Structure formats: C-alpha cells, structure tokens
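Enquirer: Quick one: the structure is below, questions incoming.
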Amino acid sequence: MNTTLWVIQVLLAAIFIIPGFGKISSSKEQHIADGHIKSGASIVPIRILGIFEWLGCIGIIVPWYVGIIPVLTPIAAMCFCLIMVAGLVNHLLKKEYKMLPLLTVILVLAAVVAYFRFKQLAL
C-alpha cells in the first residue's frame, strides 16, 4: 500500500505543478483570454492559488519522505481536495462539464492519500 500511495503522491504533485506554474507566470491578459478571470478583476487570487498549488506539490512529498512533520503530507492532500472541490463548483457554474470527470478522479486520489496517510500516522 505504501508504494501505491507514493505513486499517487508523485502523480498529484505532477498534476498540480504545471497549472500552478501557469497561474504564477502567465500574464493577466493570458488569464483573461483563458477565461480564468474577467477583464476588471484582480490577478492576485490566481497567483495565490498557483503558490498554494506549488506548496502542495512540496507538501505532498517532502514531509513524508524526510520524516519531519509528516502530518503535513495528508494535510496537503486535504488541501488538494479543497482545490478540486472549488474547481468542480467553478466548472459546474460555468457549465464546463467535460472537465468534471478529471477533477473528480483527482479529488478521489487526493482523498485516498489523505485518508491512508492519516491512518498510518494514527498507528
């Protein structure tokens, strides 16, 4: 089970690192063109989300690997769950239904990591 969890953790980190980089590095005009924000809106929330995604990529791997404050790994997985729930709601409101299966799978994977890593900590 530990190997499976490690594979899922690395997969989650890989899934979130690219969009996180895009949110941090893309221009406001690009985010407007992609439909992430409206023309008069602030880019700050998008940048903050990108930073949280990168921190999650670190948190899902490093604490458990090095054994220093390993509780941060399942907490990072729970935060990924929150990001996915927000993404599901956002795409539902925009009526972008083709993204829902992917977001649901990512939500389930993050929930599995959170559950089993918390369970391992309790032992």
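Enquirer: Relative contact order for region 1-114: what percent, with Cα pairs under 8 Å and sequence separation of 6 or more?
Expert: 28
Enquirer: Assuming 1.306 mPa s and 10 °C, estimate D for region 76-122 with Stokes-Einstein, Rh taken as the Kirkwood radius over Cα pairs, in µm²/s.
Expert: Rounded to a whole number, D works out at 144 µm²/s.
Enquirer: Calculated from the structure, Rg and Dmax of the Cα atoms in Å equals which of (1) 14.2, 42; (2) 13.6, 42; (3) 15.4, 51?
Expert: Computing Rg and Dmax of the Cα atoms in Å and matching it to (1) 14.2, 42; (2) 13.6, 42; (3) 15.4, 51 gives (3).
Enquirer: Another question, then. Placing +1 at every Lys and Arg Cβ and -1 at every Asp and Glu Cβ, with all other atoms neutral, what dipole size does the chain have around its Cα centre, in debye to the nearest 20?
Expert: Dipole magnitude for the chain comes out near 160 debye.
Enquirer: Can you tell me which lysines have their Cα less than 22 Å from the Cα of Lys28? Leave out same-chain residues fewer than eight positions away.
Expert: Lys38, Lys94
FYI, it's all coordinate maths here, none of it is from the lab. Because the structure is predicted, anything quoted here is derived from the model rather than measured. FYI the Cβ positions are ideal-geometry reconstructions off the backbone, even for glycines, and counts take in every protein chain you see.
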